[in-house]
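The values are calculated or read from the model by the stated rules, or taken from the named source; none is laboratory data. Source: prediction; values computed, not measured. Here the Cβ positions follow ideal geometry from the backbone for every residue, glycine too, while neighbour counts run over all protein chains shown.
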Amino acid sequence: MTRAAERPSTMKPEQEEPEQNQDEIWQEQVEGETPDSSTTQALNLTHRVTEKFPELVTRYKSYAGPVAIVSSALMALAGVAVARRLRRGQNAEEILDQITSEEIERAASVSSRQSRVWRMVKRIAHRRYGSDDASSAETSS
């Protein structure tokens, strides 16, 4: 079995570019929109929150070759938890002091809007029809 360094190049010699040009290509080809200032602040706060909980970082660790990096799942969960607190009007220092690892892990388990609507409908039906089941009250009318 050959190692990657011993394999021949798939590009023809005239197609190969010097490494200097490849560095310039990576710097020039930045695609996508740059985030606004509030998004940048939220992302920075998310990174600070994940640094606060090293046990979460080790649990959600992902390996990219020989390098271990924090999983994007943990960053997404922490981002959701931070965004919820920011929408409630908390500042960055309050969030860093009060957020817990349990809150970060629960960030994904939120009831959907549809299930919230159905809970509301059931409550209204319960008020209208009393302690009987709403479906039995509708069929008897």
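Please verify whether residue 33 is part of a helix (DSSP H, G or I) and either among the aromatic types (Phe, Trp, Tyr) or surrounded by fewer than 16 Cβ atoms within 10 Å (Cβ to Cβ) (or both), treating the condition exactly as stated. Answer is no for this residue. Filtered by the rule that a residue be polar (S, T, N, Q) and touching an Asp or Glu at 6+ places or on another chain (Cβ under 8 Å), region 55-75 gives no residues.
Filtering region 77-107 to residues that are among the small types (Gly, Ala, Ser) and within 10 Å of the chain's Cα centre (by Cα) leaves 78, 79, 81, 107. Of note, residue 74 satisfies the criterion of being among the aliphatic types (A, V, I, L, M), at pLDDT 90 or above and under 14 Å from the mean Cα position of the chain (by Cα). Selection within region 36-59: residues that are without any contact (Cβ under 8 Å) to a residue 12 or more places away in the chain and β-branched (Val, Ile, Thr). The member of this set that is surrounded by the most Cβ atoms within 10 Å (Cβ to Cβ) is 39. Taking region 30-71 as the range and being touching a Phe, Trp or Tyr at 6+ places or on another chain (Cβ under 9 Å) and of a type in the set (Gly, Ala, Ser) as the test, only 71 passes.
I'd like to verify a number: residues in region 60-90 that are surrounded by fewer than 12 Cβ atoms within 10 Å (Cβ to Cβ), polar (S, T, N, Q) and not in a helix (DSSP H, G or I), how many? Result for region 60-90: 0.
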